[in-house]
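Student: Below is the structure I would like to discuss, written out as structure tokens.
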Amino acid sequence: MPQSHFELRRKLLQLEALYDVGRALNTLRPEDDLLEELMHRAVSVLDATSGFVFSLDEKLNIQTFFTFGLEVAAPELLLLEPPVKQVIASREPMMVSVSKFLGGPGSDLLLAPMIAAETIVGIIGVGGKEVRGTAKAGGFIEEDDLRFMESIASIGAAAIDNTRRFHKLDLVRETLEDENRALKQRMLRDYSDRLMVGDSAKMQRVIDLVARVADSQASVLIRGESGTGKEMVARLIHGNSPRKDGPFVAINCAALPETLLESELFGIERGVATGVEARPGKFELAKGGTIFLDEIGDIPVTLQAKLLRVLQEREIEKLGGRRRIPIDVRILSATHRNLEEMIEKAEFRQDLYYRLKVVEIVLPPLRERKDDIPKLVRFFLDKYGKREGLRDVRITQEALQKLMRYPFPGNVRELENLIEGALALTTDPVIDPADLLMPDEPGGGGGERELSGDFPTLDELEARYIMRVLASTKGNLSKAARILGVDRKTLYRKRDELSQNAPPDDSWDIH
């Protein structure tokens, strides 16, 4: 039987409505806005006198709802209606005639579940269809109208699912940003705490320079031997600068060959070599933040010219590319090498040197600030003692004297590693010389003092053991006497002898 003009027009209107609602819900919108849009579209197309739509959470509780032409005292009442319960159970659209609904008069109802990824996320329903041009209610044309409800429910389910997924991703992003911020702050505190340890004039100068240069956009050259904390200072400058919320991108210029270093710094275009894909360089990745060029003195001369042009023009050109890309970064660099001698030997460009050295911060080696060693030891004892679960960690004067005599070619990093290793090996919270795995001091010999430090006499061994037991028992003489196998009177005498014989010139307070 040929379709009437009215039926064709009705189907066309439904198709247009589905197209319109698909476009309308294609953008991310709040869930309540989505439901309202769905309700108005369904009621308008189907000429319904009433309708409802609600979304469900994972436990099938109503999360958001919207009604048209219905009075709902509480949204939970919708879940108690038999047609709604049946649709949730069957997960299929349905048409049903009811004598009453939500305490009001009955009508023909069309209901459809909104299902996304096998999960029911809501229900949409309409009822009381009007005959156009009259005030009378007519019936639904079951097959076509039910198909329309199923389609609009499917579009609505996808929109709700997208909104929820975006919301979850947004929460994850916020959580990661908070964790990243907290991690940066904790690292900054750790670096700051370590840098602040010590009272030497040279370190106070470093601290003052870091504080003053942080707010600037000037390039900073950080100089110092290996292990003095050059990257730590760079991170402190970045973390206290206006760019602290931007990335901090570090690259070791001595660790890569020239061709690879160029692509790492400036990026590379696709097709430069077989199988090579385009990728950004460190300067692009550091956009809005800081780039740290570690061991800048090891950069090849040919690459120095390209780096100089970047510093002058604030633009980069990828390897194999022709397009110039503007950069927005602050440049910090570091080296342990004597750049002035390198300039004289034509191994380092003088113009690049002055571009990098707008402000210079020189980190002193540990051997030039030995008075800071006791405080650094205390700092590392607390840091790694807490990690190892040790309380009230101490170090004997003999062990501290051994550290004070050592030249520390590896500087603060070597001292930190020594303390960390000692705490990992010790069986109690007291570190003595045997716990310090130190290499032989350069220069051999060293005289009787070094020899006696390595091979103590029996009296010295006895004194060390007594002091270690006293420290372990926190000064409890009764407990210490039991451990030593002597009476308290003998221990009192031994302790007094130790106090009188302790060398006043070679003792340091780290507590």
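The values are calculated or read from the model by the stated rules, or taken from the named source; none is laboratory data. From a predicted model like this one, the values you see are computed outputs, not experimental measurements. Here the Cβ is made from the backbone with ideal geometry for all residues, glycine too, and neighbour counts use every protein chain on show. Ligands, DNA and RNA are excluded from the accessible area calculation, which covers all protein heavy atoms including side chains. Shrake-Rupley method; radii C 1.70, N 1.55, O 1.52, S 1.80 Å.
Student: Give me the percent of the accessible area of segment 233-384 that comes from carbon and sulfur atoms, probe 1.4 Å, all protein chains in place.
Tutor: 46 percent
Student: Over segment 334-429, with the other protein chains present, what is the accessible area per residue in square angstrom, probe 1.4 angstrom?
Tutor: On a per-residue basis, 49 Å².
Student: Sort the following peptides by mean Cβ neighbour count (other Cβ atoms within 10 Å, averaged over residues), highest first: 319-328, 213-222, 420-429.
Tutor: 213-222, 420-429, 319-328
Student: Follow-up question, since we're still on this one. When the dipole is taken about the Cα centre of segment 347-390, and only Lys, Arg (+1) and Asp, Glu (-1) are charged at their Cβ, what size is it in debye, to the nearest 20?
Tutor: Here the size comes out at about 180 debye.
Student: Turning to a different aspect of this structure: Quick one: what are the phi-derived ³J(HN,Hα) couplings along segment 168-173, Karplus 6.51/-1.76/1.60 with θ = phi - 60°, whole Hz, x for glycine and proline?
Tutor: My calculation for segment 168-173 gives 5, 4, 5, 5, 4, 4 Hz in order.
Student: Report, in debye and to the nearest 20, how large the dipole of segment 259-366 comes out about its Cα centre when Lys and Arg carry +1 and Asp and Glu carry -1 on their Cβ.
Tutor: Magnitude of the dipole: close to 480 debye.
Student: Measuring with a 1.4 Å probe in the full set of protein chains, what accessible area per residue, in whole Å², belongs to segment 40-127?
Tutor: Averaged over the residues of segment 40-127, the accessible area is 47 Å².
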